[in-house]
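The values are calculated or read from the model by the stated rules, or taken from the named source; none is laboratory data. For clarity, every value in this text was computed on a predicted model and none was experimentally measured. Positions of Cβ are generated from backbone atoms using ideal geometry, with glycine treated the same way; all protein chains shown enter the neighbour counts.
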């Protein structure tokens, strides 16, 4: 079994980075005893490589994503995090395990987990974040992200999706 590099990006308003472990992930329980909302999505990526398999983002793209994460978390009071990497045979289970790790650090996490190589996108919410971001809003954010991904703009899709999720959640 080959192992692919992953990029995990996360921020909260305390200045610490709650990055999900990019290594192998065992299935885990959802945060705070809440059932994560089912927000699974497939998407199409272009055949051309993004930047490289080991590093899918340039530094300017990472800065844009970091800024979007910071703003979304500050404005809403929710913990937004992005995981980019292999999600494995059961992407939803992997995303829920990552979400569980975030839930141990914050009472209201939101995880956007995507695997460009596997063409999978998972948006996981639970507890307070699930109440504030309805399934319909997450579905619309996923649709916008997929459009950008299919045009080869992985970073732009992530930024757009984070903005839409934060708008749906509203201010804290």
- Query: So is residue 157 free of Cβ contacts under 8 Å to residues at least 24 places away in the same chain, within 15 Å of residue 69 (Cα to Cα) and in contact with a helix residue (DSSP H, G or I) (Cβ under 8 Å, 6 or more places away or on another chain) or not?
  - Reply: yes
- Note on the structure: If you go through 70, 76, 93, the only one that is free of Cβ contacts under 8 Å to residues at least 60 places away in the same chain and more than 13 Å from the chain's Cα centre (by Cα) is 70
- Message: For the stretch 89-120, which positions are surrounded by fewer than 24 Cβ atoms within 10 Å (Cβ to Cβ) and under 23 Å from residue 155 (Cβ atoms)?
- Response: 91, 115, 116, 117, 118, 119, 120
- Restricting attention to the stretch 113-142, report how many residues are without any contact (Cβ under 8 Å) to a residue 40 or more places away in the chain, more than 13 Å from the chain's Cα centre (by Cα) and part of a helix (DSSP H, G or I). 4
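I'd like to know if the stretch 16-31 contains one or more residues that are in a loop (DSSP other than H, G, I, E, B), modelled with pLDDT of 95 or more and either more than 21 Å from residue 145 (Cα to Cα) or in contact with a helix residue (DSSP H, G or I) (Cβ under 6 Å, 6 or more places away or on another chain) (or both).
Initial filter on the stretch 16-31 (in a loop (DSSP other than H, G, I, E, B)): 16-30.
In the following step, the residues that additionally are modelled with pLDDT of 95 or more were identified as none.
Within the stretch 16-31, not a single residue is in a loop (DSSP other than H, G, I, E, B), modelled with pLDDT of 95 or more and either more than 21 Å from residue 145 (Cα to Cα) or in contact with a helix residue (DSSP H, G or I) (Cβ under 6 Å, 6 or more places away or on another chain) (or both).
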- Message: It is to be established whether one or more residues within the stretch 154-168 are surrounded by fewer than 20 Cβ atoms within 10 Å (Cβ to Cβ), farther than 16 Å from residue 82 by Cα and modelled with pLDDT of 95 or more.
- Response: yes
- Just one of (1) touching a residue at least 60 places away in the same chain (Cβ under 8 Å); (2) in a helix (DSSP H, G or I); (3) in contact with a strand residue (DSSP E or B) (Cβ under 8 Å, 6 or more places away or on another chain) trips up residue 61, so point out which. (3)
